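Notes follow once the structure below has been shown.
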Amino acid sequence: MVNIKINGIRIQVPDHTTVLEAAKKVGVHIPTLCHLKLDDFGIVNKVSSCRVCVVEEIGKPSLIPSCSALVYEGMNIRTDSVKALNARRNNLELLLSNHPFDCLTCAKNLQCELQSLANELHITEIHAKGEKMFYPIDKSSNAIVKDPNKCVMCRRCETMCNEVQTVGVLSAINRGFGVVVAPAFNIDLADSSCTYCGQCVAVCPTAALIARSDIQKVWRALANERRHVVVQVAPAVRVAIGEMFGMAPGTISTGKVVTALRRLGFDAVFDTNFGADLTIIEEANELVHRIQHGGVLPMLTSCCPAWVKFFEHQFPDMLDIPSTCKSPQIMLGAIIKSYYLKNLDILPRRLKVVSIMPCVAKKAEGARPELSKDELNNVDYVLSTRELGYMIKEAGIDFANLEESEFDNLLGESTGAAAIFGTTGGVIEAATRTAYEMITGESLGNVDFKQLRGLEGIREATVKIGSLDLKIGIAHGLGNARKLLESIKAGTSHFHAIEIMACPGGCIGGGGQPYHHGNQEILKKRQDAIYAIDKSLPRRKSHENEMVLKLYDEYLGAPYGEKAHDLLHTCYTPGERI
Amino acid sequence: MKINSRSELVELRKSLSNKITLRESGATTDDTIEILIGMATCGIASGAKDTYNELITVIEDLNLTNVKVISVGCLGYCYMEPTVQVCIPGEEPLLYGKITKDKAFELIEKVIVERVYLSDNLLIRSFDKAGASNE
Amino acid sequence: MEKVNLDLKDLDLEKLAELDQYILTLDDPVERLINVLHRAQDIFGYLPPNLQLYIARKLNISAAKVNGVVSFYSYFTEEKTGKYVVSVCMGTACYVKGAEKVLKRVLKELCVEKNEVTKDGLFSVKDVRCVGACSLAPILTIGETVFGHMTEEKVPGVLNKFRGEINED
Amino acid sequence: MNSKYTLLVCDGASCKTTHKANLAAGFKKVIAEKKLGEFVSVVKTGCFGICGQGPIVKVLPDDLLYVSVKQTDIEEIVEEHIKNGNVVKRLLYTDPFTQEPVEKQKGKKIYQKQFRIALRNCGLINPEDITEYIAVRGYEALASVLADKTPIEVVELMKKSKLRGRGGGGFPTGLKWEFTAKQPGNEKYVICNADEGDPGAFMDRSVLEGDPHSVLEAMAIAGYAIGASQGYIYVRAEYPLAIHRLNIAMEQAREYGFLGKNIFSSGFDFDIDIRLGAGAFVCGEETALIHSMEGQRGEPTKKPPFPSVSGFRKKPTSVNNVETFANIPAIVLNGADWFASIGTENSKGTKVFALAGKINNIGLVEVPMGTTLREIIYDIGGGMVNNKEFKAVQSGGPSGGVIPKEHLDTPIDYESLKQIGSMMGSGGLIVLDEDDDIVQLAKFYLDFTQDESCGKCTPCRIGTKRMYEILDRLTKLEGSPDDLDILEDLAVNIKNSALCGLGQSAPNPVLSTMEYFKDEYEAYAYRKVKHTYSIITDKCIGCTKCARVCPVECISGSVKVPHVIDESLCIACGACYTACPVNAIEKP
């Protein structure tokens, strides 16, 4: 413990406390911008570059950054000195002097940390105006829009892309005033090995990196009476969207989401969880098939499109180990475009499938050419959780007070196994529940495989299934996935099955979720809600989903069979690493 | 040749002491005349390489077997580059500036052969330095 | 946007072999990335994107990292240079003695902008920070040759010397 | 009479021609007559440089000077001094400052204002021949610390010498070593900062090119003191000759066993490797330098942690610059007290300056701390080119400031320079004369800084750009008085809140020029700057030279009639000003 003084207040704090944390303890607020702290995931962005959080240390000529300066015995800090306040204002003014003033039409309007700061410090005039940086806006990808002109060089995205996700697409390029965060040679994101995991988007304080908006396209589809527009909702959406309407993080709003979607004019509201149950049946069958027929092991899950793109670019020589299963959203899209379509009397083109996803990469997944049939995509438009929130707001729907309603029952039933797809460990737990009964032929009493749960980046567990010790690996965050993959490549790890999700925490922490601004408490609440849904459902194993069984019965035939392959499985293409 | 101890090093240095006393005061037991030429970047940029080559040529042409040309670093007189220090045994070493290629012959002829000074090029050594020869 | 050439097949194999050879001698080539880039620039004359990509693959690091480093340091050039690089020293000593005028005259004589190559491929011009030969200010270097005490008037003559060399070839 | 005298008799060109004296022959004759030949030798020497008082005779080993020696004085000198050992007081050199006769030459400021420690071997030894370095007691400092001192004693010696870092900040070298030495762990590093990025400074280059072994030796001493067995020299790629000579020196040092395993059979291992810079001024900052050595972008990180705790490869690292290292063998050999006896109270030893700009003797000088700028510029530097009026001297490069006339007599040391708004920096001194435009100069520096900014922190990345823009506006007469306030506010803020030392010092060229030359800024801000040349009618002799050189033909007038400049056409190129033989043209 060390004794320090902040604004004249004496306080004792532990060693290795930052000045910022210490100030918080005595009720002193210090504005920050580049600072980002996600302890649970081992992330601290400590570039100390924005100089917005500077404070005065008595006796030192230069101001110090409170977000990264550590306390020491006898330290005497003034956070409120004129020198510090002026520096903060001045630095914020400088950032604003190099920022486009299109706040009114900016995708981040009222969500922007820079804007909040300008408000907080009451900046009403920019004194030192001058040339603004100019780089073209990159709209090349289906998922992410990059506008370097709005970049404040906080480097959070670079930290996420390189240190957390180890994708290595983003770096600071050039120097001085011309510095920009970009892929190598400033090429378009679409030409890079970007996985569209969206973690950069999740942490960007401004609109320099945002998810591509598909709201207008969806409005247009809904407005066209000749279109039959159906929607599906991913498991992680229902535990996060409430946050956009002032509800507590982790509030389960499944029924309200369904009501809201109907009010927005969707012709049918389906549950991606149905697709998830379908995925489990296919995946469990594939796993059992591989184990029993000496196929390639381990089998890796393939639900996460960012993860798929990651291994295509980073491990192009290992494309035979991921499961060939499409993701739940695409499986459901494929079923809608075939099974559901056949009962409608419309031209295939007029059926539009919209997905509500917690994810940025799902936008790009929807557009992958191999995931279309007869030149029609399995999914047409992908909206993020945030985008749905904006649409609901725009339509004037009082979300918090909506009555609840049920999914359309044709493709609306789901089990607890599907619900937990939204969090790290969930997919593999769901698969284990089904594989257990498939292999042993016995009914599983306790479905809670707690050894698979948690938030550690890499987890290992062995599940006893009859005579088989099923070895399972779990990783979330692509950096952790890389470590696991490399150990497999090196032959040091031996697993039967591995689940990987690209985002820290899994889909609950997806790049399309309401901004959590680095508050990991929110992520924990979302995760708790996911498990609560699982617990509340009468059926908790995918193969007990009666609608899914009916689908196989009526339409698909045998799980992992010929028709299932045609509709529900895919293939992978090696990519370049750049 | 690896030096294994301080005493070996001191022995070696003592055997080399002529080199330095000649350059510092002119004292030496040898009769070799040394011409030191400043060959740092600034010297070279001013043409010291050409001067160096020319000096060698002239010395060979005149068959002056006791004159050695040694390239050294920068003395700091950048405005007078290329600079040359002539060390004649028994005489105070003298410094000359602006010894370009076309001055090389004159320098050898006048200073080394005729033993007179090139007054226009004479440079006043304006520094004292931390001693090396004292122990 | 102009498409960046990332085709590794366009790189000279012999030169690549020389670079590979050098990289093999390093115990930690990733830490010594800057040395690798120096050598690559020595061999190829400049560091085009596909060469940077090649180095990234070779060292198993991201191309963004390599490009981030290359674009940070002014010694590295991503553009092809002229046969002769005319470097006008813009150190303070040269500046106070009129280096700006010399630079302007060079650009005017060659009808190029900074870092641009003349149509005949003979010259490119860049400004450099202090060459360290301040007594000769203002300075201009072409290749290894240093021209001191430059004036605007001397510029055409100096350039002509190099133009002449070409005619003699 | 038991010692042998040497008489050094001035035979310099000046003495020879002005006095037509053949003193040497005269002395020889008298000595022969008195049969003193075996006790005294006469050596003709070159000019001593105080030709106004020549001819001069120097008596060794007494080391004293007789001035204005005439043929008639020979008898007395030989009889009194050589034979009887009495000094001939009436001929003694008189100190111009104290008006006292000087009996001892060395250690007193007679005519040698310079004292060389760091540059002691530059220009005197062949840098590519290790035996020449050995001949000047090379590697004896290393040998002696390995034989006689513990690492802690070496640190204590450095602390006692009060040597401070010569790269800019002036942090005490001994303390830096002590911090590094005290860190736990066996893996530590010594780094030599040879990234001399300051435009107009070239002392480090000179040391590396002229005396590379002194740096290698000092690095080994540092390695021993802090417990490191590996050193690195981070050197600018723009210094190919220095790199070449360092490589040769390292090879030879290894051959002699001064680098490598078990140096001087002491069990101490130390080796050195070179890392190249690639053209980034910011890499002179030690954290940026370390990142660059690790193959990263040269962006500084905040301190603490200091490199002495977490540096290269996150291990304790001591970073010292070339000139600092070059002092160290001399300190070890001559003792900490010797070093601490030179200089001022808080700044010991000497400092090398690179003199450039509008000064006659451009070059490197090394003077004891406490020497005044006037002495450096006029006594050593030979004064202003063309006898122009001195305006200011810019010291410390892009991190420093200008020092105007009124501070010419400030004794230079770390504190005094800081006090007058400049800094020691690496030691570049650019002398400016009346023709130099101070605002343009500030603009030049800001252009440099914003170009060399790494771009990491807000104040440096955007702030220096905005400062440059304001200066650009002002100099184009497009600015306003408000700009001056904004400029100053920006400067203060950047100084207070930039991330690294370079960013924090970037506004110095503006702050110091605004302090001393406020009127020049105001002239631009109020747009009072006349930007055309004009002819002073009274002085013009009508020679037509100006009219002939004018590129826009805006000067009219006939022969022997005062000419006139059409100010509406004048482009202020200054050609007429240069051409005018009678200074009849007035600058804008």
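Couple of notes before you dig in:
- Counts of other chain beta carbons within 10 angstrom of each beta carbon in peptide C:88-100 average 6.
- Global size of chain D as Cα Rg and Dmax, reported in angstrom: 28.4, 86
- Principal axis analysis of the Cα atoms in the protein assembly as shown yields extents of 136, 84, 76 Å, listed in decreasing size.
- Alpha carbon centroid spacing (whole Å) that separates the range D:224-253 from the range B:79-121: 33 Å
- Charge dipole (debye, nearest 20) of the protein assembly as shown; +1 at Cβ of Lys and Arg, -1 at Cβ of Asp and Glu: 1640 debye
- The packing ranking, built from the mean of other Cβ atoms within 10 Å per residue, places the peptides A:241-248, A:305-312 in the order A:305-312, A:241-248, highest first.
- Projecting the Cα atoms of D:Phe171, A:Pro358, D:Cys546 onto the charge dipole of the protein assembly as shown (Cβ charges, centred on the Cα centre) puts D:Phe171 farthest toward the positive pole.
- Convex hull per residue volume in Å³, alpha carbons only, for chain A: 165 Å³
- Its DSSP H runs of at least 4 residues, each contributing -39,500 (n - 2.57), put the calculated 222 nm mean residue ellipticity of chain A at -9000 deg cm²/dmol, to the nearest 500.
- When only the Cβ of Lys, Arg, Asp and Glu is charged (+1, +1, -1, -1), the dipole of the range D:438-525 relative to its Cα centre reaches about 420 debye.
- Length-normalised contact order of the range D:237-286 in % [C-alpha pairs under 8 Å, at least 6 apart]: 30 percent
- Only helical runs count toward this figure. For chain D, summing -39,500 (n - 2.57) over DSSP H runs of n ≥ 4 and dividing by all residues gives -10000 deg cm²/dmol at 222 nm.
- Of every Cα-Cα pair in the range C:50-117, the percent that sits beyond 17 Å: 58 percent
- The residues of the range D:466-481 listed by number as losing at least 40 Å² of accessible area in the complex, against the isolated chain and with a 1.4 Å probe, are D:Arg466.
- Amide proton proximity set for D:Gly200, modelled H, under 5 Å, gap of 5+: C:Thr92, C:Ala93, C:Cys130, C:Gly132
- Between D:Glu586 and D:Ser534, D:Ile535, D:Ile536, the built amide H atoms are under 5 Å apart, and every one of these is 5 or more places off in sequence or on another chain.
- Rounded percent of accessible protein surface that carbon and sulfur make up, the protein assembly as shown, 1.4 Å probe: 50 percent
- Peptide D:229-236 - average C-beta neighbours from other chains (10 Å radius): 1
- Normalised by residue count, chain C yields a Cα convex hull volume of 147 Å³ per residue.
- Each residue of the range D:361-366 was assigned a 3J(HN,Hα) from its phi angle through the Karplus curve 6.51 cos²θ - 1.76 cosθ + 1.60 (θ = phi - 60°); the sequence is 8, 5, x, 9, 10, 10 Hz, with glycine and proline shown as x.
- When the Cα positions of C:Val30, C:Ser135, C:Gly82 are compared along the charge dipole of the range C:21-169, C:Ser135 comes out farthest toward the positive end, with charges on each C-beta of Lys, Arg, Asp and Glu.
- Placing one equal scatterer on every Cα of the range A:1-96 and applying the Debye formula, the log10 ratio I(q)/I(0) at q = 0.13, 0.20 Å⁻¹ is -0.42, -0.96.
- The mean sequence separation of alpha-carbon pairs under 8 Å and at least six residues apart, normalised by the residue count of chain C, gives a relative contact order of 18 percent.
- Of the trypsin sites (Lys or Arg not before Pro) found in the range C:83-169, those in coil by DSSP whose Cβ has at most 15 other Cβ atoms within 10 Å are C:Lys114, C:Lys119.
- Antiparallel beta bridges, as assigned by DSSP with both residues in the range C:84-163, represent about 55 percent of the total such bridges.
- Per residue of D:271-284, other chain Cβ atoms within 10 Å of the residue Cβ number 4 on average.
- Once the 1.4 Å probe is applied to the protein heavy atoms, chain D comes out at 36 Å² accessible per residue.
- Under-5 Å amide H pairs with B:Lys68, H placed in peptide plane, nonlocal only: B:Ile33, B:Glu34, B:Ile35
- Rg and Dmax of the range D:213-322, both derived from C-alpha coordinates alone, stand at 14.3, 41 Å.
- Compared with the rule-of-thumb size 2.2 N^0.38 Å for a compact globular protein, the range A:220-262 has a Cα radius of gyration ratio of 1.39.
- Virtual spin-label span in nm between A:Val44 and A:Ala367, 7 Å along Cα→Cβ: 3.9 nm
- Cross-link pairs exceeding 22 Å in C-alpha to C-alpha distance, out of D:Lys176/D:Lys495; B:Lys49/C:Lys161; D:Lys113/D:Lys405; D:Lys162/D:Lys405; D:Lys391/D:Lys443; A:Lys108/D:Lys303, comprise D:Lys176/D:Lys495; D:Lys162/D:Lys405; A:Lys108/D:Lys303.
- Subset of D:Lys476/D:Lys518; A:Lys309/A:Lys342; B:Lys19/B:Lys103; C:Lys119/D:Lys476; D:Lys188/D:Lys456; A:Lys132/D:Lys476 violating a 23 Å alpha-carbon distance limit: A:Lys309/A:Lys342; B:Lys19/B:Lys103; C:Lys119/D:Lys476; D:Lys188/D:Lys456
- Relative frequency of Cα-Cα separations exceeding 14 Å in the range D:469-558, percent: 72 percent
- Size of the C/D contact, given as accessible area buried on both chains, probe 1.4 Å, in Å²: 3000 Å²
- Dipole moment magnitude, nearest 20 debye, the range D:204-297 about Cα centre, only Lys, Arg, Asp, Glu C-beta charged: 120 debye
- Contact order for the range D:239-355, expressed relative to its length and based on alpha carbon pairs under 8 Å spaced 6+ residues apart, stands at 9 percent.
- Taking GluC sites (Glu not before Pro) as exposed when their DSSP state is a loop state and no more than 12 other Cβ atoms lie within 10 Å, the longest site-free interval of chain D runs over D:39-344.
- Extreme residue, positive dipole direction of the range A:215-568, given options A:Gly250, A:Pro235, A:Ser493 (C-beta unit charges): A:Gly250
- Measuring between alpha carbons in the structure, the pairs from C:Lys15/C:Lys126; A:Lys129/C:Lys126; C:Lys126/D:Lys528; C:Lys65/D:Lys314; A:Lys146/A:Lys256 lying more than 27 angstrom apart are A:Lys129/C:Lys126; C:Lys126/D:Lys528; A:Lys146/A:Lys256.
- The spacing between the range D:435-462 and the range A:438-506, judged by their C-alpha centroids, is 56 Å.
The values are calculated or read from the model by the stated rules, or taken from the named source; none is laboratory data. It should be emphasised that the depicted structure is a prediction, and the values quoted were computed from it without experimental measurement. Don't worry about glycine lacking a Cβ; one is built from the backbone with ideal geometry, like all the others, and counts go over all protein chains shown. Accessible surface areas use protein heavy atoms only, side chains included; no ligands, DNA or RNA. Shrake-Rupley method; radii C 1.70, N 1.55, O 1.52, S 1.80 Å.
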